[in-house]
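To start, the structure under review is shown below, and the notes come after it.
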Amino acid sequence: MARTQALPIQIATGDPRPIGKQIVDAVRMRIATGELEPGAQLPSVRGLAQQLTINPNTVAKAYAELTAEGWLESRQGLGLYVAPPRQRLSAAERDRRMDEAIQAFVHEVAALDYPPDRAIARLDKALGVLAKKSA
Amino acid sequence: MNETRHAGYVIETRGLTKRYGKKIAIDHLDLAIESGSIHAIVGANGAGKSTLFRVLLGFLPATSGEARILGRDSRRLTPSDRERIGFVNEEHTLQGWMTVAAVTAMQRRQYPRWSQPAFDEVIGHYNVQVGQKVSQLSRGERAGFNLALSLAQRPELLVLDEPTLGLDVVAKRAFLETLLHSNAVEGCTVIYCSHQMEEVERVADNLIIMERGALRNVSPPDDFRSRVSHWIADIPFRGPDPRTIPGLLDAQRIDGIHHYLVLDQGEEFAEFLHACGARDVHRLPVSLDRAVNSFLSKQHAAPVAA
Amino acid sequence: MRDIFKAEWLRYRLWILAYAVGHLLVLAFFNRLVDLGQQPINVRRLFGAVYAITGILLGLHQMGTWRRPNQWINLLHRPVAPRRIAAGLIGAGAVALLAGVVLPLAAIVAWQAWGTPRIVELRQAILPAAALLIALCGYFAGAYGLLADRRYSAAGLVLLAWIAVADASGPAALAVQALACLWLLAMVLIAFRPDLGEAPRSAMATVVTAVPVQMAVYMLLLLAGFVGELLWIMQGTHPNNMSTPPRGGHVEAERMSGRERMIAGLAGATSTDAALWREQVVLSDVHELDRQVRSIGTRGELNNTMPIEFDDPETRSHWTFSHGRMRFEGTGLADGRPAGELGIGGGNVAFDAVASPAGVLPGIAKGDATIIAGNTLYQYLSAARRVVPRVSVPHGEWLLGTTPIGGSLAVLSDRSVYVVDGRHLLDGETPPVPRYRVPIPGEPGDLYTTELVELVDGYLVSFTFTQRAHTMLGAPPYQTVLWVDDAGRVTPVATHALHQDFPTFYRYTAWWASPVMYRVREMAAGLFAPVDPLGTTAIPPIPGSVRALAAVLALLSLCIGGWVAWRRASSLPARAAWTLGCGIVGIPALVGLLLIVPRREGIVDDTVHAVPAT
C-alpha cells in the first residue's frame, strides 16, 4: 500500500481563483507533470486543510471535484488516490475547453499588447513541462 | 417553556431593527443562520455587526422585531442558554489581575460541560504558563487563551467578533489553525466576524454580508465571488453614464481604459458595453477581497473621472 | 458566585490592605489627640463623608471597569444568573469595606475599651456598624451611578443625603442607615442586568427607582432655589445681607442690641408707665438671657449633641458623662487612671437626662462647675467631689440656661422665664422656689432672644419670636414685652408684629415645589427620631396663594405628564400610574417620568433596500 504522498502546494488568498479552484488546479498540474503518480495517496482532507490553514470543507469540495473529473479515486475507508490515467473527458468536451482556454489566453495577451511571436515562444516553453511527461 | 424552537437555526431575526436616536444600526434584519459549519459575517465598520451580537446576547434591547439565538428569545436567555453560547470579542476581555490558572478554574466550575482535554489541546498551541497573570500575556496568547476557554465550554454556538484584530501574522495563523482543526470545534456552529478577507476566504463555509444594518448576501464565498466580475473596456470618449450601468459596483478610468466591477452581470454585459461604443471588452474574475470590498464600498464610490 | 467574589477580592485586596493600614494610622493618631468616642455631629459627619466617599469611589471603580460593553458581556455572558454575579461583586465590595473601614475602626474601639479608661458604651460600640452602613450606602450609590441610565443614575446619592439629615439617634440611626442601604441595594440589583441602562421593567422596580429619582429632582429644584438665593445675595437685596435691613422687619429686630430691641418693643406700649420704663431702659442694664443648652441630647445618641465633658483643674480630674450609667466618669488628668463616678448628691443618684457642663456662676469656688441636666441646674463641688442640685424648673420643662442679674438669677426654660433669689442659692440644701415665673408667650422653636430689664418695681421681659420666621415652619415674626411686678403678676405691655422680610413664595418653596415630596422628606428625616422639645413652633397655616400655586403646578404636571406618559409608556397601567403620579407629586414626578421612561425609538418605516439580499 502506497504511503501518503506529500502535496507541496501553495494557495494564495486574494487570488482571483477561489481556494478550492487553486487546489484543483495544483493537483491537476502535479498529476499532469507526473509529480503525482497514479496510485499515490493524497493527504487527508483534514491534513491538507491543516497544512494550508483553510476550512476542511473547501478541501473536501476540491477533492470531490477532482474525483468527479476522474483525476482521483476514492478507496473505501483508505483515502484518496491518484487515478490511473484515462481519457477523462469526451473529445468534444476537450475541444470546447481547449477553445475556451485559448480564447482566454488570447484575450489576455491581446489586452497586454504582447508581440504574438514572443507569446508563442513563452507558451511553448510553458507547455514543455507537459511534453516532458508524455515523452 | 412554551417557546417554539426553530429547528436548525442557531440565529434567527425577523424584522430586527435597532435605532440609536436617529441613527439606524440594524434595519429590518431578517437573518436565519443554520446550525453547523462556519459562517463569516462581513461588513464595514458601523454595519451593525457588533450591535447585532449585543442584541442577540440580550445586552441591548431591540427597537422592534424579533431576535432568537439557539431558538430562544434573546431577551430571555437563561444561564443554561448562555452556557451553550460561546462569545469571544476582539479585545479578548479577561480578568487581567488573575492568573491563567485562576481564570481557568473559575470557568471550569461555572461551565458544567467543561472539557479539559479540549482546553489542553487548544492551549497547547500557545506558550501560556498557568502561573502567569492574564495581563502579562501577549495579545496573541490572550486570544488563544480566550479561544481555549470558549472551546472548553463546549458551546453549540461560538460567536467570534473580530477575534484576530490586532494580532500579528504568527498569532493570527495560530488562532485560525486552532479554530479550524481543533477537535473541540466539531459539532459547533461558528459565527466568525472579521474584516480580514484573507481569513474569511480560508475559514468560511458561508458568507454573510451586512451593510448599514441590512443583510446583503448569504451564500458560500465562492458563489458570491462569481457574482462579481471585472470588465475592461476600451471606449473612446466618455463612457456611459454610471447611473445607466447595470449592477455597477465600481468604475475606474485608468489610462483611458474603463474598468467596471459589476454585480450579477453575465455575457450580456459585453453587449451593453459594445452598445456603448466599446471597441474591446474583457471579462476577468476577481478576488474575494476585491469582490467584497467593491460591494461594500459601492455606497460611497468616488465619482467617475470624466 | 464564589469564584466571582474571590476574583474580585483578589483584585482589590492590596488596595484595601493599604487603605486599612492608612485608616488605622489616622484613627490612632486622632484618638491620641482627642477622644474619638466623644465627638459632636460635625466631626462624625466628616468621618461619615470620608467613608461614604470611600464607598462611592469603590463602587465607581468596580462597576466602571465592568460596565464597558465587552467587559460587561464577558462578566454576564456565563451560565450564572445575573443576581448571583451581582452578589459576587457586591460581596467582594462589602468585604473590602469591612476590611478597609470597619476593622480599623473596630480595632480603635477595642483599644479604647480595653486599653484606655475612656468610656465605651453601646453608642460607641455601634460606630463601626454605622461606618459600614454608610460606606456600603456610598458603595451602592457609586455602583448605581455607573450601572443605571446616566440621566438619573446620580439619584442614589439621595439616600446618602437622607443619612446625613436624618434625625434618628443611637441604634435608631443604624436602622435608618440600614433602610437606606437596603433601598440602594435594591436599586443596584434592579440596574444590574445585561441590557444596562434600560428602564426598569416591573412596576415594583419602577417604584423603587422612581422614588429616589423624584426626591433627587425635588432636591435639585430646592438647590436651584438656593442658587437663585445666592444671586439674590450677590445683587445685594437679600434681607440678611443688606447693609441696612428692611425697616420694621425681623432681620432688623435680630440685629438690634438688647437695649434697642427693648426700646423698640416698648414703642407700641400704651400703658401709663411706658414713658417711665423707656427712661429706665435707657439707664439700666438690659440682660439678654443666656442659653447654655442649644439642643438637648438623647440618651444613647451616636454623636454628642451637647458637650458632656469638663475638667476640674483643682483635683486634676476629667469628667465625662456616661450614657450607660447616666453619671459622670472621672479620670485623672495627670495619670489617666479612673477617678470614680459622679452622680447627684451623696447617694450618687443617676441623672435623669443627659447632663452637660454649663460653665461657672459668680460665687462658686475654684474648680466648681455648673451642670445642666433635664429640668435642673447642678453645681459640681470640686472640693467635696459632689454634685448638688441648685435650681429646678417644673418637671416637663427643660432648663436651658441661667443669667445672673444682680443678686438674682434669671433662669430660662423652654416654656418660662424664672427669677430666683441668688443670695442663698449656693449654700442652700434644697433648691429655692423661684420668685417670679413668666410663661413664654410663644413656642420655644420660634424664640430668638429674651431680654430682661430690672425695674424699680419689677421686671420688663421682652421675647422676640423670629428664630424660624424665614421658613414656612416658623411663626410670623413678632415681639412681646411683659411686665412683672413685685408681686409676680405678669402684665402684657406691648406686642407688635414684625414685618416679614422674606416673600411668601420664597418661604414656601419647599412646599409648593411638591407638597408630597415635602411631606416625604419630612417623614424620612423624622423617621425613628426622638421629638425635639426645643423644635416646636407655631406653624402658620399655608397661605391660599401658595396652595393655588401648588395646585397649578400639579395640574400642569398632570397634563404634561399624561401626555408624555401616553407617548412613552407602553402599557395602560403604566401610563395611568405615571399620569396619576405627576398629578399627585407634581414637577418631580414629571421630570422623573422624562428621565426614567425613555422616548420610544421610532419604528423605521422606509423599506427600500438598494440591493436585495439573496
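For chain C, the membrane-span-like helix rule (DSSP H, alpha carbon extent of at least 18 Å along the helix axis, mean Kyte-Doolittle at least -1.0) picks out C:2-33, C:41-66, C:82-97, C:127-147, C:171-191, C:203-235, C:544-568, C:572-585; this says nothing about an actual membrane. With equal scatterers on the alpha carbons only and no solvent term, can you work out the Debye log10 of I(q)/I(0) for the range A:91-134 at 0.14, 0.21, 0.24 1/Å? One equal scatterer on each Cα of the range A:91-134 leads to -0.41, -0.82, -0.94. Across the options B:266, B:284, B:246, the greatest Cα extent toward the positive end of the charge dipole of the range B:227-300 (unit charges at beta carbon of Lys, Arg, Asp, Glu) belongs to B:246. The trypsin sites (Lys or Arg not before Pro) of the range C:244-286 that meet both conditions, a loop assignment by DSSP and at most 15 other Cβ atoms within 10 Å of the site Cβ, are C:247. Separation of the range C:185-214 from the range B:92-140 is 35 Å, based on Cα centroids.
Charges were assigned to the Cβ only: +1 to each Lys and Arg, -1 to each Asp and Glu. The resulting dipole of the range B:227-300 about its Cα centre is roughly 200 debye.
Dividing the radius of gyration of the alpha carbons in the protein assembly as shown by their Kirkwood radius gives 1.19 for Rg/Rh. Normalised size of chain B, defined as Cα radius of gyration per 2.2 N^0.38 Å with N residues, equals 1.16. By the beta-carbon count within 10 Å of each Cβ, the least crowded to most crowded order of C:90, C:584, fewest first, is C:584, C:90. Shielding of peptide B:280-290 by partners, expressed as the average count of other chain Cβ atoms within 10 Å per residue Cβ, is 4.
In this Cβ point-charge picture (+1 for Lys and Arg, -1 for Asp and Glu), the range A:91-134 has a dipole of about 320 debye about its Cα centre. From most to least packed by mean Cβ count within 10 Å, the peptides B:234-243, B:48-57 give B:48-57, B:234-243.
Compactness of the range B:210-279, taken as the C-alpha radius of gyration over 2.2 N^0.38 Å, stands at 1.23. Exceedance of the 24 Å cut-off in Cα-Cα distance is limited, within the set B:49/B:172; A:61/B:298; B:23/B:298; B:23/B:49, to A:61/B:298. Compactness of the range A:19-82, taken as the C-alpha radius of gyration over 2.2 N^0.38 Å, stands at 1.01. Taking only the alpha carbons of the range C:2-198, we obtain Rg and Dmax values of 17.5, 56 Å in that order.
The alpha carbon centroids of the range C:390-437 and the range C:1-41 are separated by 50 Å.
Exposure proxy shown here: for C:29, B:295, the number of other Cβ atoms within 10 Å sets the order, fewest to most, as C:29, B:295.
Would you calculate, for chain C, the mean residue ellipticity at 222 nm contributed by helices, counting each DSSP H stretch of 4 or more residues as -39,500 (n - 2.57) and dividing by all residues, to the nearest 500? Display every interim value, and only then the final one.
Details: 19 runs with 277 residues, N = 614.
Mean residue ellipticity at 222 nm (helix-derived): -14500 deg cm²/dmol.
Computed from backbone phi, the HN-Hα couplings of the range C:471-482 come to 10, 6, 8, x, 5, x, x, 7, 10, 10, 10, 10 Hz, rounded to whole numbers (Karplus: 6.51 cos²θ - 1.76 cosθ + 1.60, θ = phi - 60°; Gly and Pro given as x). Normalised by the number of residues in chain C, the average gap of Cα pairs under 8 Å and 6 or more apart makes the relative contact order 12 percent. Given 10 Å bins starting at zero, what is the percent of C-alpha pairs of the range B:50-161 in each, up to the one with the largest pair distance? Percent of Cα pairs in each bin: 14, 43, 30, 12, 1.
Highest-first packing order for the peptide set C:526-532, C:208-214, C:328-334 is C:208-214, C:328-334, C:526-532, based on the mean count of other beta carbon atoms within 10 Å.
Evaluated at q = 0.17, 0.22 Å⁻¹, a Debye calculation over the C-alpha positions of the range C:393-496 (equal weights, vacuum) places log10 I(q)/I(0) at -0.79, -1.20. Its Cα gyration tensor gives chain C an equivalent ellipsoid. The semi-axes, each the square root of 5 times an eigenvalue, are 54, 37, 16 Å from largest down.
Return the whole-Å distance between the Cα centroid of the range C:326-352 and the Cα centroid of the range A:1-54. Between the Cα centre of the range C:326-352 and that of the range A:1-54, the gap is 101 Å.
Using every pair of separate Cα atoms, the Kirkwood estimate puts the hydrodynamic radius of the range C:202-278 at 16.8 angstrom.
For chain A, taking the reciprocal of the average inverse distance between every pair of different Cα atoms yields a Kirkwood hydrodynamic radius of 16.6 Å.
Using the rule -39500 (n - 2.57) for each DSSP H run of four or more residues, divided by the residues of chain A, the 222 nm mean residue ellipticity is -18500 deg cm²/dmol. Can you pull out the GluC sites (Glu not before Pro) in the range B:219-295 that DSSP calls coil and that have at most 10 other Cβ atoms within 10 Å? Sites meeting the loop and neighbour criteria: B:267. With viscosity 1.306 mPa s and temperature 10 °C, the Kirkwood radius over alpha carbon pairs of the range C:444-551 converts through Stokes-Einstein to a diffusion coefficient of 99 µm²/s.
Every number here is computed from the coordinates shown, using simple stated rules; none is lab data. Because the structure is predicted, anything quoted here is derived from the model rather than measured. Positions of Cβ are generated from backbone atoms using ideal geometry, with glycine treated the same way; all protein chains shown enter the neighbour counts.
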